[in-house]
Amino acid sequence: MADVIRMPRMSDTMEEGNIVEWLKQVGDEVEPGDVLAEVETDKATMELESYQEGVLLYIGVESGPVPVDGILAVIGEEGEDYKPALEAAESESAESGDEQKEVEDDGEKEKKSSSESQEKNKSSEAKSKSDGGSDQKEGNQASDDERIKASPLARSMAKEANINLSEVTGSGENNRIIKKDIEEYISSGAGSKSSGSISIPMVESGLADFDYGDHKVSQMRKTIAKRLSESKFGAPHFYLTIAIDMSNAISSRKSINEISETRISFNDFVVKAAALALRKHPAINASWHGDKITYHKEINVGVAVAVPDGLLVPVVNNADHKPLSAINVEVKELAGKAKNKKLQPNEMQGNTFTISNLGMFDIEEFTAIINPPDSCILAVGSIKKVPVVKDGNIVPGNIMKVTLSCDHRVVDGATGAQFLATFKSYLENPVMMLV
């Protein structure tokens, strides 16, 4: 019997997936474990694997967005009539949609109607602006590369290296260009001659190689916009800032790195101190779920990582039980996966608290938007050498400011302040984290 393949939920926040490319075509034999297509989710480009054996009889969407549970394809026996199974699946999807509509109350309908009206107006304005320029630009500059079979990672590498994909020979299935082909092309110096002969015009402002103009919103950016808008305007934020003397942390880090094979960073100290402080203040390690508040026994710290398309939050599970060296290795590995779009859904799920650190960019102080359903997020600034008063004398100090964003539905001011006081004590006396 024919099996209908639907769009799976590949991450906890995914609502739709974007079909980048089908690696199997109608008529191809399929075995369990074969990759059917590449799907761009809100967090990464992932491979859609088959769990069925048979022949690919039907592809519903060649490319573009498909909602979760939307029909993608049909797999069955060669020559099998798959239409009854497809029609039954489409009917089931329609009934599910009707049921969802019926449970909406009048207030939600009015809100949706207003939202759709605004979106239509915005869409109409955007379309009128982009039809003349953006479509023409995409058609002339991107269509050639888009016709060429290449993995998303290979396309990204080619774009960064300013390589024309038509000049690269693919070694993958059906001459598909993969990562190895781009690396070999770069190492061969094939593009150096042409790139050297190009005369880059002088510009008065901006970056000459920046891709200006209209860009389609990626699945990741759509999710960031939706989730953080809901958080910022739905959760009553308040902010608590505290200054921490990092002099002892600086000395401790220097001593540890002199004898340790793993070079500990200040961010590792922050993650560990936050995890230990959460253990003493479980009311902060909580999530808001509308009709209930969940206080988590496990302490799983999400660490925000900047990537070209936006922001990902890989999770260090049970951070309070891990030594600094283990936290360092895990954060580096997760950050590397995030930047290469290799993070798996389970590596981005289950966070109970989030840290956003911009200290490496010399940002002294900032506020962050809570990552739902967490009740708090900690914004970490840079360490500044400033004069401080100690024992009645003005001496050089190393001050780091951190700001805790709190959801007032879950956390009160005093609770947040007590957490920050404990967090501060750990960083100002790092030996307490080693006991």
Going through 216/339; 24/332; 222/424 one by one, the pairs whose alpha carbons sit over 31 Å apart turn out to be 24/332; 222/424
Here the equivalent ellipsoid of the range 219-433, derived from its Cα gyration tensor, has semi-axes (largest first, whole Å) of 27, 21, 17
Efficiency of FRET between residue 63 and residue 362 - r from beta-carbon atoms, R0 41 angstrom, step 0.05 = 0.45
With a Förster radius of 41 Å, plug the Cβ-Cβ distance of residue 262 and residue 159 into 1/(1 + (r/R0)^6) and report the FRET value to the nearest 0.05.
-> 0.75
Quick one: 403, 354, 294, fewest Cβ neighbours within 10 Å first, how do they rank?
-> 294, 403, 354
Output the pairs from 180/337; 280/342; 180/342 with a Cα-Cα distance over 28 Å in this structure; if there are none, say none.
-> 280/342
Which of rounded, prolate, oblate describes the range 3-102, given a ≥ b ≥ c as roots of the alpha-carbon gyration tensor eigenvalues and a/c under 1.5 marking rounded, otherwise prolate only if a/b is larger than b/c?
-> oblate
Once the Cβ-Cβ distance between residue 346 and residue 306 is put in as r, and R0 is 22 Å, what FRET efficiency do you end up with, to the nearest 0.05?
-> 0.55
Residues of the range 398-421 with amide nitrogen under 14 Å from the 7 Å Cα-to-Cβ point of residue 239?
-> 401-407
What ranking do 253, 409 get, fewest neighbouring Cβ atoms within 10 angstrom at the top?
-> 409, 253
With +1 at each Lys and Arg Cβ and -1 at each Asp and Glu Cβ, the charge dipole magnitude of the range 3-102 around its Cα centre, to the nearest 20 debye, comes out at 240 debye
What are the residues whose amide H is under 5 Å from the amide H of residue 368, where those residues sit 5 or more places off or on another chain and H is modelled from the backbone?
-> 379, 405
Most exposed to least, judged by fewest other Cβ atoms within 10 Å, 266, 233 sort to 233, 266
Taking the Cα centre of the range 275-399 as the origin and placing charges on Cβ (Lys, Arg +1; Asp, Glu -1), which of 397, 370, 284 is farthest toward the positive end of the dipole?
-> 397
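Where a number appears in this text, it was derived from the coordinates with a stated rule and is not lab data. Nothing here was measured: the structure is a model prediction, and the numbers come from that model. As a convention, Cβ positions derive from the backbone with ideal geometry for all residues, glycine included, and neighbour counts pool all protein chains shown.
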